[in-house]
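Asker: Okay, here's the structure, questions in a sec.
The values are calculated or read from the model by the stated rules, or taken from the named source; none is laboratory data. Keep in mind the model is a prediction, meaning the values are calculated, not measured. Methodologically, a virtual Cβ is constructed for each residue, glycine included, from the backbone with ideal geometry; neighbour enumeration extends over all protein chains shown.
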Amino acid sequence: MMSRRSTWIAWLVFASMLSGTLLIPAVRPLFAVVHPGHPDAIHAFFSVNMLGAAIGAPLVCWLADRTGSARRMLTMLAIADGILLVACTLSLPLPVVLTIRFVQGAANVGALSILMGATGRSRAPGSHGGGVGLAGAAVVAGIVAGAPVGTLLLAVSPFAPFYAAAACALVVAVSTGVLPASSERARRGSLRALFSRTPLLQVATLFVGAERFVVGCFVVTFSLYAHDELGRSDAQVGALFSWFLVPFALLTWPIGVVAQRVDRSLLIGTGAAIYGASFLLLGQVGPFGLPIVLALAGVASAAIYAPSLCVVAEGTPGPMRSTAMGVVNAGGTLGMLLGTATAGILTMVLVRHGVERADAYVWVFRVAGLVQLVVLAAGLPALRSLSRGDAMAEGAR
C-alpha cells in the first residue's frame, strides 16, 4: 500500500513540474508585451533554462546531501524558484532575463530532484518501485497538465501563468515538512566519484537521457509535421500528442510497481527497442496507424523511465539519493536540449540541400529512433549486468 508520505511527495513533485510547464503557452504572449521585437529570444528563454538545470541541479543536490540539509535546501530552492519566475515578468534587459532563467532552471530541477530523492527513503530494498513510480507519474502528469492549464490562465493575462507557476513553487516551499528527516550526511566525494562508483546510475542516466533526446526531437517537429503535412488543426495536433502523453503518464506508476517483481533490464531494454522502432515508423504510417504508434511510444517511454528511477533509488546509498536523482534529471534535461537542437539543425540542413520539408521532418523521426536503438546496443552490457544483479538479489530473498 502506498504511504501517505509518498502520496504527498508525489503531489509536490506534480506542483514542482507544473510550475515549469505552465509557461509553455505563455512565453510568446509575455514576450509580445514585455520584449516586443525579440521573437527569436523565445528559444533562448527555454534553452538557457534547460542548460541551467543540467549544470546546476546536480550541484545543489550534492550540496544538500553533503550537508544533510535536504529540507532546508528544498525550501530555499523553491522560494528562489518562485521569486525568479515572477522576476521573468518584469521589464528587465533581455540578458538579465536569460540569466534569471538559467538560475531558475537550476532551482526548479534541483527542488524536483530533492523531492524525488526523498521518495523511497527509509524503505527496504526492493520496495521503492511504487513510490518512485508514483513520483515519475507525477512528473509526466505535470507535463501533460501544464500547457492546457497555462492556456486557460492566459485568458486572465499574459502574466497569470507565471504567477500561478510561482504559487506552485511556494506551495512546495511551505510543504517541506513532508520530507523524511535525514540523519546522515553523504561522505566526502565528488559528483564524478558518485557517477563512477555507481554503475547503475550510469545505466539510468544513459537511458533517460536518450529517451528525452527523442522527446526533444519529437515535440516541435511532430507539431510542424502534423500541421503542415497531415493538415491537422492545432486542436487535433494536441489530441495526437495525448496519444503519446496519456499512456506515458498512466503507466509510469504501475510499471514502477511491476519493476519490483520482474527483471528491470528486460523492461528497460524492451521499452527502448519499442521506443526506437516507434519513431522509425512514425513518418511511415497513415492517419489511422499514427495514434497506435504514438500510444506504443508512450507505453515504451514509461517502460524506460519508471524502472530507471527504481534502479537509481535502490542502487544509490540513501544519503546520496537526491544527488543521484539530480544527475538523472540533468541527463534527461540535457538530452531534451540536445534533441531539440538536433531536430532544428537537421531540418535546416536537409531543407537547404533540397529535401522537402515534410521529408526532413520524417528524417528527424528516423534519426531519433536510430539514436535510441544505438544507445540500446551500447547499453546492452550494462543491462546484462543489471539483470544479473536482479537475479542475485532475488536469489538472496
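Asker: Given the residues ALA303, ALA324, ALA358, which is the only one that is out of contact with any Lys or Arg (no Cβ under 9 Å at 6 or more places or on another chain), surrounded by fewer than 20 Cβ atoms within 10 Å (Cβ to Cβ), part of a helix (DSSP H, G or I) and small (Gly, Ala, Ser)?
Answerer: Working: ALA303 fails: surrounded by fewer than 20 Cβ atoms within 10 Å (Cβ to Cβ); ALA324 fails: surrounded by fewer than 20 Cβ atoms within 10 Å (Cβ to Cβ).
Result: ALA358 is the single residue among ALA303, ALA324, ALA358 that is out of contact with any Lys or Arg (no Cβ under 9 Å at 6 or more places or on another chain), surrounded by fewer than 20 Cβ atoms within 10 Å (Cβ to Cβ), part of a helix (DSSP H, G or I) and small (Gly, Ala, Ser).
Asker: Another question, if that's okay. Looking at region 1-92, what helices (runs of 4 or more DSSP H) fall wholly within it and have at least 2 residues that are among the hydroxyl-bearing types (Ser, Thr, Tyr)?
Answerer: Values: elements: 4-21, 27-34, 41-67, 70-87.
Result: 4-21, 41-67.
Asker: Also, quick follow-up: Based on what the data block shows, is ALA235 assigned to a helix (DSSP H, G or I), of a type in the set (A, V, I, L, M, F, W, C), modelled with pLDDT under 80 and surrounded by fewer than 20 Cβ atoms within 10 Å (Cβ to Cβ)? Let's see the steps before the verdict.
Answerer: Details: assigned to a helix (DSSP H, G or I): yes; of a type in the set (A, V, I, L, M, F, W, C): yes; modelled with pLDDT under 80: yes; surrounded by fewer than 20 Cβ atoms within 10 Å (Cβ to Cβ): yes.
Judged against the criteria, ALA235 is a match.
Asker: VAL257 is checked against (1) more than 20 Å from the chain's Cα centre (by Cα); (2) assigned to a helix (DSSP H, G or I); (3) touching a residue at least 60 places away in the same chain (Cβ under 8 Å) and fails just one. What number does that condition carry?
Answerer: The one condition VAL257 does not meet is (1).
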